[in-house]
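Quick notes on the structure that follows.
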Amino acid sequence: MSFAVEDGETVLAAGLRQHLALPFGCQSGGCGSCRVRLTAGAVAYPFAPPALSQAEIDAGYILMCLARSQSDLTLELHQPPQLDELRPRKLPSRVLSKRMLSHDVIELRLKLPKGDALRYLPGQYLDILLDDGRRRSFSIANAPNGETLELHLRVAPGGKFARWVLDEMPDKAILRLEAPLGAFYIREDSSRPILIMAGGTGFSPAKAMLEDLLPRAAQRRVHLFWGGRAQADLYLDAEVRAWAARYPQFRYSPVLAEPDAGWAGEAGFVHEALLRAYPSLSGYEVYLCGPPAMVQAGKRAFLAAGLDADHLFYDSFDYAFETWPQLG
Ligand SMILES: Cc1cc2nc3c(=O)[nH]c(=O)nc-3n(C[C@H](O)[C@H](O)[C@H](O)COP(=O)(O)OP(=O)(O)OC[C@H]3O[C@@H](n4cnc5c(N)ncnc54)[C@H](O)[C@@H]3O)c2cc1C
Ligand code: FES
């Protein structure tokens, strides 16, 4: 397929204008969802692409949302087979339930409009569209069931939307969404063993992936490393331990940065725990999700440990766009 890019237009804007189903998320260089490999041609950026590590740049990756073409370009893009059903669209949802999963994580369950099943791949995320035109991104925490969406919201100090949900949201509130977004989903055309590293509510997309994958893919080995400060941050630890007991292909390593007294598990940075278990990552497929600092540290360390950039996928839980003053 080919498409034309106007002068000054980003590659992503040009593709979307011509109705191509391209992967994207933040549109501001932060999330890496629009990462594709450039196999020929040259692009220019307004500033260094924030989501890309040097190793990804060296491997030929560009961010379509920032890149402007300097010549004809040839791009290599992973497209899921269900591409046409996965175009992002706007739709309303009704809040079904809200409960605390831990001292600072809310589980929100949303009901989709009847007869309007939203298609998405486990791991993808949605944007909540706020009344003032702002957006908030949250990963979908359940595998598709045609009726409900589950979200895990961390209530950060000063966080506007999650605080509103906690303190002020009316029962049965209607929330407007745009979904599905992002390119964080399990590559089914690969048979490599999967390592997933999640930090805090980065468990949310991992949960959707695992709920979908574990019951139907007994041959694909998966090891989840879930990091938190203390045990209370691993807010569904018991459920994940139950999966590890039920599915022989699945292993689970919880990792605490500030272990509680008596903790017998892994301690320290979660990416270092993963590297202790897998010092060489060639031959693996790695999925990272959670706080930006954790994703950046993991990307750097894993590529240095021999991971092929083509088998590295991530969702960096950046703050909403207006908290990025340097890019505004
Ligand atoms: C693809 C993607 C998926 C995500 N999935 C999830 C998820 O599943 N669960 C989840 O909990 N989060 C997720 N996030 C992160 C979430 O979207 C952001 O943290 C979002 O900002 C939360 O909205 P809020 O209104 O609650 O907090 P906000 O009002 O946006 O504030 C968030 C944090 O930013 C700080 N902040 C505010 N303004 C500034 C500023 N100017 N400079 C520096 N810091 C500032 C606040 O103090 C607070 O700690 C995801 C993000 C992305 C990009
Ligand atoms: S859409 Fe390009 S980095 Fe987020």
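Read-outs: derived from the displayed coordinates by stated rules, not from any lab. Please read these numbers as outputs of a predicted model, since none were measured by experiment. Cβ: placed from backbone, ideal geometry, glycine included. Neighbour counts: every protein chain shown.
Numbers for the structure displayed
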| quantity | calculated |
| --- | --- |
| Given charges at beta-carbon only (K, R positive; D, E negative), |dipole| of the chain in Debye | 640 |
| Most positive-pole-ward Cα, S204, H223, Y235, against dipole of the stretch 185-250 from beta carbon charges | H223 |
| Label-point separation in nm, E188 to A244, each point 7 Å along Cα→Cβ | 2.8 |
| Nitroxide proxy distance, nm - points 7 Å out along Cα→Cβ at D84 and I57 | 3.9 |
| Summed side-chain charge close to V5 - residues other than V5 whose Cβ falls under 15 Å, Lys, Arg +1, Asp, Glu -1 | -2 |
| Cα-based reach from K90 at 20 Å (exclusive), listing lysines while leaving out same-chain residues under 8 positions away | K111, K114, K172 |
| Hull volume in cubic angstrom per residue (convex hull over the Cα atoms of the chain) | 143 |
| Local electrostatic count at A55 - Lys and Arg +1, Asp and Glu -1, tallied over other residues with Cβ under 11 Å | -1 |
